[in-house]
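Remarks on the structure that follows.
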Amino acid sequence: MGSSQLNLRQYVGELWAFRHVLTQMVSQQLTLRYRRTLLGFLWTLVNPLLTMTISAFVFSMIMRLPLKNFVIFLYAGTIPWTLFSASITQGGGSILSNEGLIKKIYIPRIIFPLSISISLLVDTLLGMGALFVIGIILGINLSAALFFLPVSFLILYVFCLGVTLLSSVAFVHFRDLNHLSTVFLQALYYLTPIIYPPSFVSPRYLTWFELNPIFYFVSLFRGPIYESAMPSSRYILIAALISIITCWAGLELFRRREARLIFRL
């Protein structure tokens with residue numbers, strides 16, 4: 001056991017020694033993402049805003065879902081979904097897209113998915129901050145429950161970091177996942193109460209919906225933002241447990257497979 005702890009300590013120490021590389025890669029990710037675009041970082045606002053506007057028009061105007069302030073409702077559900085889905089699509093390709101660099105010089109491999117994960121978090125926070133201002137104009141209630149949002153983000157990020165690490169290893173070993181992930185995410189989107197509330201689901205099927213981990217992360221944001229209330233303590237506990245387990249599984253899998261990833265590239 002002592003040896004295992006020493007190995008983990010060395011692993012963390014090595015990552016710390018390369019912290020400047022990690023910082024540079026996060027900065028590069030954020031810069032290159034919007035380089036040579038007309039709006040630059042404003043795309044962190046425009047992208048989710050356009051998506052929300054289209055969805056709100058379709059589901060509130062055409063399908064006439066009986067929900068008060070549907071834009072705010074949708075906004076709250078979109079936040080965790082955006083970070084989660086990007087963690088799979090972008091995080092999954094983090095090792096493959098850096099194949100050339102990995103084969104040329106030694107950098108702890110975990111830096112690649114970690115830099116993606118951090119840059120996605122920054123993106124999400126910037127986009128949320130900008131949209132929040134618009135949300136206040138549209139009717140977000142400034143309640144005390146909003147102070148819980150930093151905790152919501154912490155729990156969500158720990159989960160998404162684990163998802164990024166798991167995806168980055170899986171995509172290297174199973175290249176077809178790059179294509180299958182799009183179909184998977186599309187199906188999961190409609191099986192998650194993002195564009196509709198859980199109350200719309202028949203009670204006999206609700207248990208199956210609760211097996212979807214994203215169900216709980218959506219509630220961590222929808223409670224404070226849309227309902228002006230703290231999320232259910234049960235949902236907070238379940239989301240926290242899912243986050244810890246997923247992150248631990250991701251770190252362990254990556255640490256054990258890291259040295260062999262280069263032979264799969």
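General remarks:
- Positive-end residue, the stretch 93-231 charge dipole about Cα centroid, Cβ charges, pick of A144, I110, F217: I110
- Mean Cβ neighbour count within 10 Å, used as a protection proxy, ranking 196-208, 221-233, 251-263, 110-122 highest first: 110-122, 221-233, 251-263, 196-208
- Packing around the peptides 186-193, 174-181, taken as the average count of other Cβ atoms within 10 Å per residue, puts them in this order, highest first: 186-193, 174-181.
- Charge sum, other residues only, whose C-beta stays under 13 Å from G77's C-beta, Lys/Arg counted +1 and Asp/Glu -1: 0
- When only the Cβ of Lys, Arg, Asp and Glu is charged (+1, +1, -1, -1), the dipole of the stretch 144-265 relative to its Cα centre reaches about 340 debye.
FYI, it's all coordinate maths here, none of it is from the lab. Remember, it's a predicted structure, so these values are computed and weren't measured experimentally. Every residue, glycine as well, gets a Cβ built from its backbone with ideal geometry; the counts of neighbours run over all protein chains shown.
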